[in-house]
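The values are calculated or read from the model by the stated rules, or taken from the named source; none is laboratory data. This one's a predicted model, so the numbers in the text were calculated from it and none came from an experiment. Note: ideal-geometry Cβ built from the backbone for every residue, glycine included; neighbour counts use all protein chains shown. Note: areas computed on protein heavy atoms with side chains; ligands, DNA, RNA excluded. Shrake-Rupley method; radii C 1.70, N 1.55, O 1.52, S 1.80 Å.
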Amino acid sequence: MKKLLTMKNVMIAIAFAVFLLFIKDHLDIVWGLISGIMTILTPFFIGFLIAYILNFPYKFFYNKAFKKLGQKHKFFAGFKKPLSILCTYLIAAAVLTAIILIVVPQIITNIVGLAQNMPEYLKTGYNYIDGFYEWINSVFHTNFSLDSTVQQAQQEITKLFSGQSLASTADATKNVLGFLSNVITNTASGLYTTVMSIIISIYFLASKEELCRQMKRLAVAFIPIKYLPKVYEIVDITDTKCGRFLVGDILDSALIGLLTFIIMTIFQLPYAALIGVLIGVANIVPFFGPYIGGIPSAIILLLVDPMYMVWFIVIIFILQQIDGNILKPKIIGNQLGISSFWVLFSVIVGGALFGVIGFVLGTPIYAVIYTLVGKKVRNNIDSKGKIAQEALDFEVLNYAKIAAEQKAIREAKEREQRDKLKKIIGLNRDSDEDEEEVDGDAEKSDESENKKN
């Protein structure tokens, strides 16, 4: 206690309390500062993600394709890394260009066609809902009306775009100019972030060995040695559970989106490109991904033709079975090691706390925490020995048997300790008696010698 109440510790506690109070009173300034820092570091985060994903093809070129480069002539050994990086980014650029040239025009065509046919689709949807209302009224003898719902929606839309929202033409012009300014600013910012992220990813990939070495030196310099094995373990588990799962999930989702597009094109279903991209992007989200992408797509096809929706549901069902049982185990493997319940839990909690990023990263991050906590639990159980294993083997509801077994174990241990104590006491007594006999014999010998003298 005296060591804790030193002047240094007291001053640190007071300074920390003042710092927390400052943050509380100036939360908007602190949050703005954090947002500014995150905006500056965004290209580095995106660049690191790009480099991490492209590291897999880079390792193929570096370790396989150009493995023998420079073995005979050391002059060419220096070209091994630049050539590997160049081939990696050329392939990535070729794939991205193919997607832009092949898929994007079809997506634009699908969106334009969907927008042109939307009035007819809305009319079809209105007829479906009206028929559903009539069925409810006839079966349950109610008086629901679709017209009142539509009228209320029309009133809300009219209020939104009426003079109540835009007081004058000048205000409308000002809003339009502000909107265009925001679009131009965001486009320029996005273009700058994209270009800088690609450049930074090249530097990350080219100097990853040196960066890893620097990070390791910092860890060894500032982290106590006894904590280093745990830090290395956390980094390794995060790379396995989170990073590799994310990369594999992206590849798997892209493959599912491509298969959806190809099969829908073969069966001549409309909006194949748009729905394929929607299915592929949504499939990144664990558990809910197929529903997030499948339900809106099914609704669109229902408005076109109910039979299209039926065929689409059959196709998606078969693809999800193939993905869950064949493709995903081959691409990702059992990287997570958690049950479906915890996948659902992590997706819901991650999405509620962090939005879209939480939906995507919630499951792998939870898998890291689950693995670390599970290992700690196993170590604690092993450290308690046989009694902990016996406690695990007990029937949970048979509490009387558990109490009796625990009492018997305690009594056995107490008897064992008493026996040991008795043996120790007995040995001490025997040694005391031997010492007394020796002392007596010594005294007798001394007396006899004195008499002789």
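Remarks
- Residue in region 273-285 that is surrounded by fewer than 17 Cβ atoms within 10 Å (Cβ to Cβ) and closer than 29 Å to I111 by Cβ present: yes
Let's see how each residue does on (1) farther than 30 Å from T124 by Cα; (2) among the hydroxyl-bearing types (S, T, Y); (3) modelled with pLDDT under 80:
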residue: V304; (1), (2), (3): no, no, no
residue: I313; (1), (2), (3): no, no, no
residue: I332; (1), (2), (3): yes, no, yes
residue: S339; (1), (2), (3): yes, yes, yes
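- Qualifying residue in region 85-94 (condition: open to solvent by 70 Å² or more (accessible area, probe 1.4 Å), closer than 30 Å to A298 by Cβ and either small (G, A, S) or assigned to a helix (DSSP H, G or I) (or both)): no
- Verdict on G47 being of a type in the set (G, A, S), open to solvent by less than 80 Å² (accessible area, probe 1.4 Å) and under 22 Å from S197 (Cα atoms): yes
To keep it simple, each residue is scored yes or no on (1) in contact with a Leu (Cβ under 6 Å, 6 or more places away or on another chain); (2) within 30 Å of F245 (Cβ to Cβ); (3) among the hydroxyl-bearing types (S, T, Y).
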site: V30; (1), (2), (3): no, no, no
site: I53; (1), (2), (3): no, yes, no
site: G70; (1), (2), (3): no, no, no
site: P82; (1), (2), (3): no, no, no
site: Y89; (1), (2), (3): no, yes, yes
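- Applying the criterion of being in contact (Cβ under 8 Å) with a residue 40 or more places away in the chain and among the hydroxyl-bearing types (S, T, Y) to the residues of region 44-85, the residue that is farthest from A254 (Cα to Cα) is Y58.
- Restricting F60, F75 to residues that are open to solvent by 80 Å² or more (accessible area, probe 1.4 Å), at pLDDT 85 or above and either more than 30 Å from A298 (Cβ to Cβ) or not β-branched (V, I, T) (or both) narrows the list to F60.
- Members of region 228-253 that are touching a Gly at 6+ places or on another chain (Cβ under 6 Å) and surrounded by fewer than 18 Cβ atoms within 10 Å (Cβ to Cβ): none
- Cβ separations smaller than 8 Å between residues 6+ apart or across chains give the following pairs from region 243-270 residues that are within 19 Å of V310 (Cβ to Cβ) to residues that are among the hydroxyl-bearing types (S, T, Y) and open to solvent by 60 Å² or more (accessible area, probe 1.4 Å): L269/Y308; P270/Y308.
- Region 8-33: number of residues that are β-branched (V, I, T) and open to solvent by less than 80 Å² (accessible area, probe 1.4 Å): 3
- Residue in region 256-267 that is surrounded by fewer than 16 Cβ atoms within 10 Å (Cβ to Cβ) and either charged (D, E, K, R) or over 15 Å from G280 (Cβ atoms) (or both) present: yes
Listed here are the residues, each with its yes/no results for (1) farther than 16 Å from G257 by Cα; (2) free of Cβ contacts under 8 Å to residues at least 60 places away in the same chain.
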{"position": "T88", "(1), (2)": "yes, no"}
{"position": "A92", "(1), (2)": "yes, yes"}
{"position": "V95", "(1), (2)": "no, yes"}
{"position": "I99", "(1), (2)": "no, yes"}
{"position": "V103", "(1), (2)": "no, no"}
{"position": "Q106", "(1), (2)": "no, no"}
{"position": "G113", "(1), (2)": "yes, no"}
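- Consider region 343-358 and keep the residues that are of a type outside the set (V, I, T) and closer than 17 Å to K241 by Cβ. The one that is surrounded by the fewest Cβ atoms within 10 Å (Cβ to Cβ) is F345.
- Output for region 178-222, where each listed residue is aromatic (F, W, Y) and surrounded by 11 or more Cβ atoms within 10 Å (Cβ to Cβ): Y192, Y203, F204
- Among (1) touching a residue at least 12 places away in the same chain (Cβ under 8 Å); (2) over 30 Å from D239 (Cα atoms); (3) open to solvent by 60 Å² or more (accessible area, probe 1.4 Å), the one test that G125 misses: (3)
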